[in-house]
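This report concerns only the one structure given below.
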Amino acid sequence: MATTPVIRFTGLVSGIDFDQVVEAMIEVKRQPILRLQEQRDKLRLQNELWREIQQKLSDLQNAVSSLLRKSQALPFSATSSAPDLLRVTANANAIAGSYQVTVKQIATSTRVSSGFNGYNLGIGSVVDINATLQSQRSILGTVTSGNFSINGVQINIDPTTDTLNDIINSINSSGTGVTASYDAATDTIVLSSSNPIALGSPNDTSNFLQVTGLLGSSQTFDGSNYVRQSTAHLGRMRANVPLQNDNLRVTLSQTTGSFTINGVTITYDASVDSLNTIVQRINQSVPDVQAYYDPMTDKVVLVSKTTGSNSIARSDLSGNLLDALGLLDNSANSRPQVNLGKDAIIQVSGFNNGQDIVRSSNTIGDVIPGITLQLLGADPSKTVTVTIGQDKTALKNAVKNFVDKFNAAVSLMYQRLTEKPIENPKTDSDKKIGLLRADNTLVFLRSTLVSEVTTPVSSLPSDLQILAQVGLRLNNDGTLSIDEAKLQAAIESDPEKVFRLFFNDANGNNVIDENEDGIAVRLKRNLDDWLSSSPINFAGNSVPKGIVARQPSLLNLRMQNIDRRINELNQRLEREEERLRRQFIALEQQIAYLSQRLGAQVIGLNRQV
């Protein structure tokens, strides 16, 4: 909501515009505020200049870091002559050369799947083909009444009265040209015909074909007949209903119980928990095993998440759930199929006296120094050649990037130190020019950078102690120029030697130790110090420790101080303006009073005359 301006009428008696007089007097007193605002604006522009310098130094800091990581500056390329069998990667500790590797065996995971003594179908019981479909719901699943189609012929079904045998007879007498039968050995329905068998229709109202696994079955030809067969045995587990209501072939000895897998205890309540719930609980509780239920084979499968010849320990603590699932060893009912995992076996020419090297994982990084082998397949008759080479282009690019970022920082500093202010500047860009001219801090920063890149690395041999020896020359303005041919020749001749000019890692631990030197090492130490954001106390205020990171904060503090002073002066001016207006109003009132008295006296004199 807009504020309604105050309307004043002054000078009605005296004829003097007191508002104009007050405003003129206040404007004179406002000059210190204007000067403070100019100072604040100057500090704001200086703040922006220092942030620009800070960003350039941060860019240089990142470029320097690449020359301190051998894995980035001198990465190794690694190739395999048979990538379908073996992939390879190399780190900074690798040694260029060729290696001959034979993958005799890859590591596999231990797998345990449901199995029973004298029973191969799965964990569910078989259907009774002579019982009504409705009575078989806990085994077969719920079959809906209605009709289904085979070769376009509709067949009616009533699960309350029809048995599976009745439906088979209905198919055989329907005139479809299809012969249906029940295979007790596999607990499946088999359809056979001399012509292709078409199942289902959009007008079907019964789910019989889906429940029996016929609709999704593949069609085969045995040489004389086309055959379609249930995709899984009919009595397989439904897995999404409580265990006590599902179709377990082996009866549970009690409703609640517990079992262990690899030492982890898992509890269950068969009146609530379904098979899917048990599988999920295993996966959530046992870190090194994955469990799943395979509805095609009607089996629970446990797979070790690690490779190698490690077993999966299993035991029933109370109750017999693992026994009922066919996962318990040495019981009267279950006999699980156990495929013990295998260890990886390789041979590397020249290593381990040419003998087999055995590891539990397909990722092997402790045989050839600096090289990781990833085994994908095995072929004992094939020798794979692993070739390790050094990528010299990366070092050249890292050096060029360093020079670019160094020049950007030094050039900006040189520009700000030497540029002269513009008279009567209009824009912020013009006003910035000359604000850091001959700034002592900036002089220190620039001279330090130039000194660090020109001082020899005395810990190195004399033939490579300065940047000029690899083609980097210092210009008069403090920037660096690159002789690319000389740089390329130095890298091609001895890339390790060039890298040590920037980081002479004496003990090879890839860490900058106290006594280690190098162009990049020196710059990193300075830049880390200058750009440090760690807080320190300055006159009761928290500011960054780094001399560069600190500049914007110090300028902000000065701007805040000026803002307080401007606010105080504005409040003082407001009070002064109010005081002056009251004085002029009082003067106006006095003049009015005197004018009135004088007028009355004149009238009295006139009457006397």
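The values are calculated or read from the model by the stated rules, or taken from the named source; none is laboratory data. Values in this document were obtained by computation on a predicted structure and should not be read as measured data. For neighbour counting, all protein chains shown are included, and Cβ atoms are generated from backbone atoms with ideal geometry for every residue, glycine included. The accessibility values were calculated without ligands, DNA or RNA, using every heavy atom of the protein model including side chains. Shrake-Rupley method; radii C 1.70, N 1.55, O 1.52, S 1.80 Å.
Scanning the range 355-389 for residues that are crowded, with 19+ Cβ neighbours inside 10 Å and either among the hydroxyl-bearing types (Ser, Thr, Tyr) or within 26 Å of Pro495 (Cα to Cα) (or both) yields a total of 5. Residues of the range 234-262 that are farther than 24 Å from Ile189 by Cα, part of a strand (DSSP E or B) and among the aliphatic types (A, V, I, L, M): Ile261 alone. Based on what the data block shows, is Arg335 open to solvent by 60 Å² or more (accessible area, probe 1.4 Å), closer than 30 Å to Thr251 by Cβ and of a type in the set (D, E, K, R)? Judged against the criteria, Arg335 is a match. A Cβ distance below 6 Å, combined with a sequence gap of six or more or placement on separate chains, defines the contacts here; from the range 526-540, residues that are under 18 Å from Asn556 (Cα atoms) reach residues that are open to solvent by 80 Å² or more (accessible area, probe 1.4 Å) and assigned to a loop (DSSP other than H, G, I, E, B) in the pairs Ser532/Lys545; Ser534/Lys545; Ile536/Lys545. Within the range 145-158, if we keep just the residues that are farther than 12 Å from Ser206 by Cα and either among the hydrophobic types (A, V, I, L, M, F, W, C) or free of Cβ contacts under 8 Å to residues at least 24 places away in the same chain (or both), the residue that is least open to solvent (accessible area, probe 1.4 Å) turns out to be Ile150.
All conditions but one from (1) under 14 Å from Leu57 (Cα atoms); (2) at pLDDT below 95; (3) basic (Lys, Arg) apply to Lys426; the one that does not is (1). Note on the range 81-105: among residues that are over 24 Å from Lys342 (Cβ atoms) and over 28 Å from the mean Cα position of the chain (by Cα), the one that is most open to solvent (accessible area, probe 1.4 Å) is Ile95.
Here's the yes/no breakdown for (1) over 30 Å from Val272 (Cα atoms); (2) without any contact (Cβ under 8 Å) to a residue 60 or more places away in the chain; (3) in a loop (DSSP other than H, G, I, E, B); (4) among the hydroxyl-bearing types (Ser, Thr, Tyr):
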{"residue": "Val143", "(1), (2), (3), (4)": "no, no, yes, no"}
{"residue": "Thr160", "(1), (2), (3), (4)": "no, yes, yes, yes"}
{"residue": "Ile171", "(1), (2), (3), (4)": "yes, yes, no, no"}
{"residue": "Thr176", "(1), (2), (3), (4)": "yes, yes, yes, yes"}
{"residue": "Ser201", "(1), (2), (3), (4)": "yes, yes, yes, yes"}
{"residue": "Ser206", "(1), (2), (3), (4)": "no, no, yes, yes"}
{"residue": "Leu215", "(1), (2), (3), (4)": "yes, yes, yes, no"}
{"residue": "Ala232", "(1), (2), (3), (4)": "no, no, yes, no"}
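Taking the range 496-543 as the range and being among the aliphatic types (A, V, I, L, M), assigned to a loop (DSSP other than H, G, I, E, B), open to solvent by 50 Å² or more (accessible area, probe 1.4 Å) and farther than 27 Å from Gly471 by Cα as the test, only Ala539 passes. Anything in the range 449-495 that is open to solvent by 20 Å² or more (accessible area, probe 1.4 Å), of a type in the set (Val, Ile, Thr) and part of a helix (DSSP H, G or I)? List them, or say none. Val450, Thr454 - these are the residues of the range 449-495 that are open to solvent by 20 Å² or more (accessible area, probe 1.4 Å), of a type in the set (Val, Ile, Thr) and part of a helix (DSSP H, G or I).
Would you confirm whether or not the range 350-366 contains a residue that is closer than 20 Å to Leu243 by Cβ and either aliphatic (A, V, I, L, M) or in a strand (DSSP E or B) (or both)? The answer is no, given that none of the residues of the range 350-366 is closer than 20 Å to Leu243 by Cβ and either aliphatic (A, V, I, L, M) or in a strand (DSSP E or B) (or both). Looking only at the range 395-404, decide whether some residue is in a helix (DSSP H, G or I), in contact with a Pro (Cβ under 9 Å, 6 or more places away or on another chain), open to solvent by less than 20 Å² (accessible area, probe 1.4 Å) and not charged (D, E, K, R). For the range 395-404, residues in a helix (DSSP H, G or I), in contact with a Pro (Cβ under 9 Å, 6 or more places away or on another chain), open to solvent by less than 20 Å² (accessible area, probe 1.4 Å) and not charged (D, E, K, R): present.
Taking each residue of the range 496-515 that is in contact (Cβ under 8 Å) with a residue 60 or more places away in the chain and looking for partners that are β-branched (Val, Ile, Thr) with beta-carbon atoms closer than 7 Å, six or more apart or interchain, yields Val498/Val470; Val498/Ile491; Phe502/Ile519; Phe503/Val521; Ile512/Val521. Answer yes or no: is there a residue in the range 274-287 that is farther than 22 Å from Arg137 by Cα and outside any helix (DSSP H, G or I). Yes, the range 274-287 contains a residue that is farther than 22 Å from Arg137 by Cα and outside any helix (DSSP H, G or I). Of all the listed residues (Gln61, Gln37, Gln31), the sole one being modelled with pLDDT of 90 or more and more than 17 Å from Gln583 (Cβ to Cβ) is Gln61.
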